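The values are calculated or read from the model by the stated rules, or taken from the named source; none is laboratory data. A quick note: this is a predicted structure, and the numbers were derived from the prediction, not measured. No Cβ is skipped: glycine too gets one built from the backbone with ideal geometry, and neighbour counts run over all protein chains shown. SASA here: full protein model, heavy atoms, side chains in, ligands and nucleic acids out. Shrake-Rupley method; radii C 1.70, N 1.55, O 1.52, S 1.80 Å.
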Amino acid sequence: MERLAALAWQGRKFGLHLLVGAQEGTRAVLGPLRDAATWAACFRVRTAMLSRLAVGRPGAENLRVQGRALTDRWGIVQVYRMADPAILGMPLGIPERWRSLLAEALQGGGYITYAGLRAKGMTDSEARSFLERMREAGLLEKDARARNAHRVTGSAQTWFSMEQRSPRLPNSPNSPNSPNSQTGGQACITN
């Protein structure tokens, strides 16, 4: 735990953010991390003592709604769990226009070509940037059998099928599934 706390302290200067979760909030677990943490959250626990240990005050023992957590910074908050395909799916920050191009390619056979992007009005650098970023994100892959045209990957297909089946949250392709937090547990989070 001491090494983890040191990583949290040192990682900040390199832009490393550490998220730590623990089923048991003992002093041995939370103690070394508390000073490095920007904020802490506690889901429902059995006793006020465990709530105090995790977030510095009682109250988490009274939480009854799934997904509710008591934080030391904002009070009670509602959190959501992403479905597993969403975690592996479309990365955040993909511009809507680019998502539309992927969806269009998927409906039209699953391929995107450089010439096709140019025909849609993209400049050379925009088309190259789009193809490169989509490959890096794992949403497109080159297909040597199709003259190196870019094929939409299975990850992108999974994301699009999931998006069509579930409602979207603002700025997120995820469905708002509540976590099963009724069993308790604390999270000490450095930001």
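To the nearest 20 debye, what charge dipole does region 98-159 have about its Cα centre, counting +1 at the Cβ of each Lys and Arg and -1 at the Cβ of each Asp and Glu? Dipole magnitude for region 98-159 comes out near 120 debye. The figure for F130 is an accessible area of roughly 0 square angstrom, using a 1.4 Å probe on the protein chains alone. Of W159, W98, W74, the order by accessible heavy-atom surface (1.4 Å probe, DNA, RNA and ligands excluded), from most exposed downward, is W74, W98, W159. Solvent-accessible surface of protein heavy atoms, probed at 1.4 angstrom with all chains present, puts D35, D124 in the order D35, D124, largest first. Shown are R151, R133, R145, whose ranking by accessible area with a 1.4 Å probe and every protein chain present, most to least, is R145, R133, R151.
When the surface is traced with a 1.4 Å probe over the full set of protein chains, V65 keeps roughly 70 Å² accessible. Net charge around L4, counting only other residues with Cβ within less than 13 Å of its Cβ (Lys, Arg = +1; Asp, Glu = -1)? Neighbour charge sum, excluding L4 itself: 0.
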